[in-house]
Structure formats: C-alpha cells, structure tokens
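What follows is a single structure, written as structure tokens, with notes after it.
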Amino acid sequence: MIFQNALLKSLHTHQENTAIDNNGISVSYSELIKKSDKITSFLLKQNLEPETIVGLSFDSKESLIYSMIGALNARCTIVPIDISMPEKRLQMMADEMNLQYLITSEKNSFLGKTIGIAPFLIEDIFNSENEDEIQNIKYPAFDKEDSIYIYFTSGSTGKPKGIIGKNNSLLQFLNWEIQEFNIDSNTKVSQLIHPYFDAFLRDVFVPLLSGGTICIPPADEDFFTPEKLTKWIEASGVNIIHCVPSLFRVINNDQLTSESYPELKNVLLSGEKINPAELKKWYDLFEGRIQLTNLYGATETTMIRFFYHIKPEDANLSKISIGKPIADTDFFIADKNLKKCSPFVIGDLYIISDYMTKGYLNEPELNNEKFVLIDAGNGEKKRAFKTGDKARVMPNGEIDLMGREDNQIKINGIRIETDGIENTLISSGILKNAVVFKHPEGEFLISFVIPSENTQGLEEILKKHLEANLPSYMIPSDVIKVDNFPLLDNGKINFKELLQFVTKNDIIVPANEIEDRLLKIWKEILGEEKEISTTSSFHNIGGNSLAIMRLIGKIYKEYNVRFTLSELFNNLTIIQQAQHIKTSGKDNTLIIQKAEPKDSYKLSAAQERIYYNYELNRQSTAFNLPMIWKIEGSFNEEKLTESINNLIERHESLRTEFRFVEGEIRQIVKDKVDFSVEIIHADENIDKEITAFIRPFVLDVAPLFRCGIIYSNNETYIIVDLHHIVCDGMSQNNLFSDLMKLYNNEQLPLLPLQYKDYSEWEQAFRHTNDYISHREFWLKMFEGNIPDSKFPVSDENIDHTSDSGGTATFKIDIRTIKKVTESLKTEEVTTFSSLFSMFFLYLSQFTGQEDLVIGINSSGRLQDELEDVVGMFTKTLPVRYHLNENMTFSEFAKEVHKVLVQAHSSQIYDLANIVKEINNNRNIAVKQLFDVMFVFQNFEAKKVDLQDLQLSAYEFENKTYKYPITLFASEGDDAMYFRMEYSALHFTAGDIEIIIRQFHDLIIKISENIDMNLIDCFDNELAVSSLNTEEINFNF
C-alpha cells in the first residue's frame, strides 16, 4: 500500500476529468500530470537521495498542488512553508530540517534569501523541462515506510515541532475517508483549509485519489462572509466540505433556507469542540439531508483517527461524541500506571495504530515520551500515541472526550501550546515572568507579564518581539502589566483574579424614605449589627438563599411590589431595589386573605402530591418527620403535656385531617382533637423504641402528630413525629421554638394566617395567567429526552413500592467549605448553589452522565406572613443541567447558580403540573423526573433560653427513603453537616461509605483551586469502579 502508486493510478485513469476548479478556471487531470511530472523530472535530475526534504512555498494553490505531487513522485519529503511567518521562525524551521532545497515562485523568491537557500523557481522548471522527456519519465521505487511530509506545530519551548508523515499512513487514512463517505469521480471537495496545516492534505488528495474535483474558493479578503461563502458553495456545487466549527458557523448562517446547498452531502468538522445548540438551526432546515460528522485526531497520528456521524437529536445534547475509531485504529484509556480504565472512568487517551506518523523531527526524548508501547489486553505490545486528552469510554463503545492535561489549547482550530508563547515573551529579556491563557469569553489569547524593570512602552516592545518570533495566530490580543501573579492556596496562579478588578466602596447612607425602610428590612433579616451601605450586595454581606426569599416576602408585604428571584439577583443593592419599587406597579395577586369558615378546605398542590403517594402505600413511613431531643436538667412532664396541647390549639395544621368530600379529597380542621403524650420506658436500646414509635399515620384521623417521652437508664428523651402533609422543615423549626416558649410560659403573638388560608389562596392562584406564565420555563428545561439517573445497581427490576432505606451522616470542616463558598460569593453565587454544584459534579462523575436532573426544595413561603405558620409549604423543584466539562469549576458554579435562580423564580408552578405538562405531548408518560434530592436546611434555628433545662438533638438512622439518594446539608459554626438517606435496594451501607468518601475528596480538591478545569476535578478512581463488585454487579 504505497501512496504514490495509488495517486499515479488515479491521475492516469481520470485524465479527462477536472482535477482543480479554481473559481471557474479548470485544470484537468491530464494537465495536472504534465505539470507535476515536470517538477518530478527536474528533481530526479538533481540526483537527490530518497526522502530528501524539499520546501514548497507559493501564493498560488495550484502551483503548490503541482509541486506537492511532483516532489512526492520524485520520492522527496515535502514541507509546505508559510512565508507570512516571522523570519526568525522560518529560519528556525529551516535549520531544524537542515533544509537544502526549496521550490517557490518568482514572487516568493525572497524566501530563499531569508533562510539562506538558492531556490528553484517553478516558472524556470516549467520552461526548462522537455515534453518528450516527460513522456518517458521513470518514477523511482517508493517504499511504504518512506517519510512523505513534515508539518510544524507550535512547541512548548517556543521552538516549532516538526512531525514526519509516513507514506502508507497517509494512504490508509485517505482510503478510509473515500470509502466511508462514498467519494467517487463525481465528487467535488472544498479546499478551505489553510495550506500550511496537515488537514490540507485531505482537501487535496481525497478528491485526487478518487477522480473527483478540488474546488478552490476566491482569494478575496472578505470571502469568509456568509453572503460570499454561501454563494460560492452553491455555485461550485461542492459535495463535501472539510472545515473547523468556527467556519461552519459562517456556513450555518441566518440567510439559509431548506433549499440552500442543494449539492452538499457532507460537512466534516474537526479541530475544535462543536457546540450542539448551534446545530439546531441547521437540522431544523435540512433535517438529515446533509450529514455532519465530527472528526478527531492529532497531526502525530496522521490526521483523523475517530469519527462520529452526528444525528439531528444530538443537537439537544450537552456535547458531541468523537465516536469510534476509524479502520485499523484502536484506543486505550489508561490511568497513570497504564492500567486500563473501566467504563465511565476518566483516563489518558492513547491512540493505537500501525498507520501513525514517524513522530517528531529531531526529538528522541519527546518521541519516547509521547509514543509508547502498550499492552492493550491481548498480550501483544503495540505502538500508541499519548494524545494529552482525558477521555472515558461509554457503554456503547464511543469515546467521551473530557479535556486536556497540558497547556495545549486550540484557537479557531489551530493547535497552540501557551508555554511556547510564555517562553518567547520571557526571552525578550525585560520580563521576570509571563503567563498566557485563552480568554474565557472568546477565541483569543491574553497575556499577563511581570516586568524586570521599569521599561517605557513595555507593551509595544513585547508585541513587536512576539510579531518577530511567532505567527499571528499565536500572538495574544492583549499584554497586561502586573506587579505579581495572585496565587491560590496550592501555589498555582489564580487566573480568575488576573481578570478582575476589585474595588471597595465606602458606606453610603439612604437617600430617601424607601431606601431607609429597605435598610431596616435588611437589618431585620441580616442583623442590626451589620454595617450596610445602600450600594452593598445583599448576598455578599450575608444574605443566603433563604434570606433572599424572606426579603422578597417582606418587600411585598411593605410595598405590594413583587420581585421575582431573577429580578432580585439583578437588583441586589438597596439603591437598585428602591428604584425597582418606584417604577413598579402595585401587585395584589400574592396577598392572602383569611379563608371564610367552611366545613372543609382545598388541599395545596404539595398536599395533593403527598396524599397521592400515601394512597400508593399506606404503610409507608417515608413521609414521617420525626424529631428527637435528649433532655438534661429539671424536667416537668405535666408542663410539657400542657405546652403541647397549647401548641395544637395554636396551629390548625396539628388539628387537620383529610377525607373525601363529594368525590374530592379535602382537609378538615377540627376544633378539638384527642391527644396524649406517650410515656415509654426503654432499656439501653433506645433506637429500637424510636423505630417502633415511628409508625404509619392514618390521614383521615387527626391529629397527624404524636409525641412521646422516653425514659432510658436515667436519661430522658422527647420524640415528636408528624406527617409531611401537615409539616415541612421550617415548620419543624417553628414547632420546636413555639413548644419551648410555651414551656417557658412565654406569650406568643397571634398568627395572622393559618395553613388553610394559604391552601385556598393557592388553589385560586393556580387558575390565574400569572401562575400559567411560569409553565414555559419548565417546558423548555425538559425539552427532548429526559435523562434517567444511571445508578450502578445489582437489580434493575427494583420494587419501587418498597421504602426500605438507611441513613449516613458526615461533616466537612467549615474552613474547607468556605474556601469555595466565600470565593464564589464575590460572583453573587450563594452557598446553596455552591454546594449543589459540587454535588451535581460528583453525581455526574458517579453516573457517567453530563445531563442530570436533581430535585431541590424551596421554602414556598413567598409571603412574609407565612414565616411562623406550620404547614406543608415546601416546593419540590426538578433542576436539569447539562454539564460542560471544558469549564472551570467557578464558571460551572456560576452557570448552575443562574439555572437555580430561574428555577426558584418559577417555584410557584407545582411539580405535579410540571409532570402533567411534560407528558401532554409524549407517547410514554414520565412518572418521575428525578431520583436524587438535594436539601439545604439553611434556616436559622430559633433560639429559646430555658431555665434549668437543656435540649440537644439526638441523631438516629432513618430506615425509610423517598428517593434512591437524598443529601441533606446544614451549616454549623465549625462544619458543614451532611445526612445522606439512601435506598437499601440501590445501595449497601458500604457503598454509601465509598460515595461519601469520594464526595468528601472532591470537595477538598475543589477547595484547593476553584478555578481548576472540571476535567481536573474528576478522580480516576470513581465510585463505579470502587464499589464492592461482589455486592454490586454493575449493569451499564
């Protein structure tokens, strides 16, 4: 399998065909043979050694193609040379190759002087070679192992790296593409790739090996505009295009219709990450008429080694797969010890093939580092190339590319090593240090430098130095002078700080009555001792997500002006909020009036959902909310009983039962209920008595509340158990506070509202346009296929009516947590959003999924008057997010925070309605949107001072579960406390220990550098590979 033999056969077979179409000017195959043979004949007369390196440099692409073919047929190694490169870089490349021969045009003949070589001019060659001699040309004997080309890429030291192509490797790839895309003599292939990158070989030799046509576009400076590019593609009748995704964005422009590009069949994308969302417009127009294909490879492996035919539905994914290897290619994903990684486990991607390049020119150490021998599992050692990319293999055998391990990046599809730019900057002699990175907001480089002395015009001097040594695509857009590089705790550079300017403001006092009243509201929530400026951010000075909801409620109560959560995050200062209040109209839709006395009342949406679950399994205790306290000190049993009865009288929810009235489930508030405190005498096994106390409620008999006193070995405990249908987390806090105050003989203020008032208001509100307006947010979030959580379970046929589960608790030092939360607070990211982001990231790692749905809770108390009411207000929100592993963690957390803010802004639209709307247009109904819950219990405990009595919470293991995993988090003074409830049908206690350990390790890793790339957050040893395989047989 020899490249030149295949090429010559095609050239002579298709002599009547058009080989090159350059904007209407055609070159036939017969003319191409004649001109290239003249160059071959000329070079053979020079008696060059086989594989002699010959430089080629032309403005004319036709001349370059003639020269490439002519030199290759003379058994030379070709090196296309870009004359726009800086002179120093050109000389460096020539020296590296020991270049002795150069073919160029008269126009470019100055290049010979630049690099110290007397060039051969193509015009002279064409004029000197005799036609008769050409007819009888004798080609040399070629070898499949011949060096056939050299292309240079940027190097980490600033010196370009030459990569040597191999004869049969080039032909193997070209044959694969021709066969895979059914390319024949009628095919027209675009030539849009820059001639001085190896992908140019695809543009040229794929059509020439199949008898097709190379279509060269005009050389106009403004050619790559939507108008001109679209017109040329259609006029030229191109069937296949090779391009980078950046150029595809121009091809996929707003001027297109479904009739556009009538001849186009394939677009092959490579060199950059594809943004799936950008493909939606394309598929809306063309559906599957024009095939898009994602290609992946490296210059070192002979261009492309993986491919994936993109499908229209892939536009809904978070990223596009690189698919599977091409023919005669394999891969290996390994850990740092070259041990094969299991499915989903991230490791280093190695490409295995007999058809790679020969490696780097004059770089034996680098070749030994990057090209290694690997035993891929069959005992045979094979040559493999370490790509530098992190990847994992998915269950379908496709490769999921995760990111890079080095400083190599791509700008507009061009491979760049930032180390090389930094070294070039430092070589100027006027800098102590330099750092270069890709700007997070675009396809350009930015550099920061520390000068070694006070140099006038530093930035201009450095730009000229860069221009003299580097190609234009490697020159940063900006050079910024700094005194030093800010560092993270681990000693690495804090790139985020380099991009920020931090300013501090003085305390600004209120300027008007509204600002003054808002300041008082803020202090009610945040504390009177706070120094608050009207320009301060509510979040930055201590306002957590729950405090923000309280602020919304208090502003509404004071001014009848409603802030959505999104609006509040856009107006986080007193000045901004005051202005919003001034310009907003009064809104009475959230005002709750006292319900008229009736025999029964409507249920809230949350109560309806819980009642439905109750009917599915009346024996379940999954919706019980037990609380246990250990009592120390002087305790009065009768006084406690009296206080509890007063508590029942205060809160109607404790006197509520649920019955069907005329075919509708209703809640009935009883005037009186029979209640007594259970007295329990226990042995040392108190947990046994607690488990026995927590038993199913019968919802049609009030109270749905029970209390007991447990005496055990001179220790006393109070246990309270309620059903979730009448209580939520904040209500538990309210009940405990009220109970202790009543026990302390304190007078409690009358409640302005009871739960029935809220439920009646909510039922009416659910029929308003205001309520329905929140529907679109949820429908958009759940477009397309809804992901299932792919837990590694031993039995896929799980009995979902069972609620058997367990609980595990753990804590993480608050200093570790605050390294993350305090850093993100400067970006207005709440603690809740920070914790959710870390949990989401771990679940993505654990399940191997980027597209996940996690349930969260919101308080549901939009009105300030509901703050002290007991009832089921909590809203359950399904939050879906597509992970982009190319982000840093801080960028990821900010994006997640935006989604969470939007979800909370639309929290009033109930989960039951969300599920119903999603199922309206689906053939197969979705029963449950998520399998994992995250609950952040960030409400402040209400403190009550009791004389001669101390109560402390008693931790016990919950034996039931609502979801396979629910993670509760609450912040303490010294730690963040976590409680993980889990399904015993999904996980063992040992599995949960591993999950907790890995989640803990992930948080520590993030805390060390919140600006690390997400790919670096992932640990090679995932839970799916670590769980005890004797206990769990992973079903992927």
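Here are some notes:
- Contact order relative to length of the chain, as percent, for alpha carbon pairs under 8 angstrom and 6 or more apart: 9 percent
- In plain terms, the chain from Thr13 to Ser258 could stretch by 84.5 nm, reckoned as 0.36 nm per residue minus the Cα-Cα distance.
- Cα gyration tensor, the range 112-214 - rounded (a/c under 1.5), prolate or oblate: oblate
- Long-range HN-HN contacts of Phe936 with modeled amide H, under 5 Å: Asn857, Ala969
- Of the residues Gln577, Ser566, Ser533, the one whose Cα sits farthest towards the positive end of the charge dipole of the range 513-583 is Ser566 (charges of +1 on Lys and Arg Cβ, -1 on Asp and Glu Cβ, taken about the Cα centre).
- Whether the range 605-751 is rounded, prolate or oblate, judged on the alpha carbon gyration tensor where a/c under 1.5 counts as rounded: oblate
- Between 0 and 90 degrees, the angle of helix 889-905 with respect to the longest Cα principal axis of the chain falls at about 50 degrees.
- Taking the longest Cα principal axis of the chain as reference, the axis of helix 831-847 is set at about 60 degrees.
- This ranking places Asp348, Asp220, Asp973 by how few other beta-carbon atoms lie within 10 Å of each, fewest first, which gives Asp973, Asp220, Asp348.
- Cut-off 13 Å between beta-carbons: net charge of the residues surrounding Lys594, Lys and Arg +1, Asp and Glu -1: -3
- Sequence-distant contacts, meaning Cα pairs under 8 Å at least 6 residues apart, place the relative contact order of the range 329-394 at 39 percent.
- Listed options for log10 I(q)/I(0) by the Debye sum over Cα atoms at q = 0.06, 0.08 Å⁻¹ are (i) -0.63, -1.12; (ii) -0.59, -0.92; (iii) -0.51, -0.92. The value calculated from this structure is the one marked (ii).
- Greater than 23 Å apart at Cα, pairs in Lys630/Lys688; Lys34/Lys61; Lys273/Lys340: Lys273/Lys340
- Farthest toward the positive end of the dipole of the chain, out of Thr847, Thr302, Gly553, is the Cα of Thr302, where the dipole comes from beta carbon charges about the Cα centre.
- For the chain, the longest principal axis of the C-alpha atoms and the axis of helix 200-210 are separated by about 70°.
- DSSP-defined antiparallel bridges as percent of all bridges, the range 813-969, nearest 5: 55 percent
- Residues Met356, Met1012 arranged by fewest to most Cβ contacts within 10 Å: Met1012, Met356
- Amide H contacts for Phe120 (H built 1.01 Å from N in the peptide plane; partners 5 or more residues away or on another chain; cut-off under 5 Å): Leu102, Ile103, Thr104.
- Phi-based couplings in Hz for the range 93-110 (Karplus 6.51, -1.76, 1.60; Gly and Pro marked x): 5, 5, 5, 4, 8, 6, 5, 10, 10, 9, 10, 8, 9, 4, 4, 9, 5, 4
- Long-range amide H partners of Ala975 with built H, under 5 Å: Ile814
- The listed peptides 838-851, 321-334, 623-636, 720-733, ordered by packing as a protection proxy, come out as 720-733, 838-851, 321-334, 623-636 (highest mean of other Cβ atoms within 10 Å first).
- Integer Hz, Karplus 6.51/-1.76/1.60 couplings in order for the range 604-615, x for Gly and Pro: 6, 4, 5, 5, 4, 5, 5, 5, 4, 5, 4, 5
- Residue-averaged 222 nm ellipticity for the chain, from DSSP H runs of 4+ at -39500 (n - 2.57), nearest 500: -10000 deg cm²/dmol
- For the range 297-308, Karplus couplings with θ = phi - 60° (6.51, -1.76, 1.60), whole Hz, Gly/Pro x: x, 9, 3, 5, 9, 6, 6, 9, 10, 9, 8, 8
- Cross-link table Lys594/Lys670; Lys166/Lys336; Lys188/Lys370, entries beyond 27 Å C-alpha to C-alpha: Lys166/Lys336; Lys188/Lys370
- Taking the centroid of alpha carbons for each part, the range 231-272 and the range 41-57 are 38 Å apart.
- Normalising the average separation of contacting C-alpha pairs (under 8 angstrom, six or more residues apart) by the number of residues puts the relative contact order of the range 513-583 at 39 percent.
Just so you know, all these numbers are worked out from the coordinates, no wet-lab data involved. Bear in mind the structure is a predicted one, so any value in this text is a computation, not a measurement. With ideal geometry, Cβ positions are generated from the backbone for all residues, glycine too; neighbour counts draw on all protein chains shown.
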